[in-house]
Amino acid sequence: MPIHHKLVRDRIPEIIEKTGKSYETRVLDQDEYIQSLKTKLQEELQEYLTSVNDKEATVELADLLEIIHVLSQIHGNSIEEVEAIRKQKAEERGSFKEKIFLISVDD
């Protein structure tokens with residue numbers, strides 16, 4: 001039996017069960033949960049960084065966004081609050097759409 005030791009989406013046990021396979025899970029405590037989400041965030045980011053086409057990239061971005069939704073709740077906010085902060089920062093400091101790459105600043 002392969003050992004995974006990783007956070008999985010809520011319906012994965014149900015999906016595994018439908019295949020007739022057995023599995024073992026446990027519910028994480030809050031500290032383990034946050035650490036596992038951070039690990040999952042890094043994993044999904046790495047998968048995005050190594051994606052080879054737009055479709056793969058979009059799937060990985062969706063995974064990242066799901067984790068961001070959960071993390072925003074853990075930190076006592078809604079995704080709408082996170083989005084409001086994102087919009088405020090974009091208004092005050094801009095976005096990244098103009099492809100500006102800073103080379104240097106004279107002191």
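Taken together, the values in this text are just the output of simple stated rules run on the coordinates, not laboratory data. Predicted model, so just to flag it, every value in this text is computed and none were measured. Please note: Cβ atoms are built from the backbone with ideal geometry, for glycine as well, and neighbour counts cover all protein chains shown.
The table for this structure:
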item: Expected-Rg normalisation [2.2 N^0.38 Å, Cα atoms] applied to segment 28-86; result: 1.22
item: Extension gain (nm, one decimal) between ILE103 and THR58, 0.36 nm per residue minus Cα-Cα; result: 13.2 nm
item: Reduced Cα scattering model of the chain, Debye log10 I(q)/I(0), q = 0.09, 0.23 Å⁻¹; result: -0.37, -1.36
item: Helical contribution to [θ] at 222 nm, DSSP H n ≥ 4, -39,500 (n - 2.57), averaged over the chain, rounded to 500; result: -19500 deg cm²/dmol
item: Low-density loop positions, chymotrypsin sites (Phe, Trp or Tyr not before Pro), segment 5-60 - DSSP coil, at most 16 other Cβ in 10 Å; result: TYR23
item: Relative contact order %, the chain, counting alpha carbon pairs below 8 Å whose residues are six or more apart; result: 16
item: Alpha carbon centroid spacing (whole Å) that separates segment 32-80 from segment 1-26; result: 20
item: Qualifying GluC sites (Glu not before Pro) in segment 1-103, DSSP loop, other Cβ atoms within 10 Å at most 14; result: GLU24, GLU98
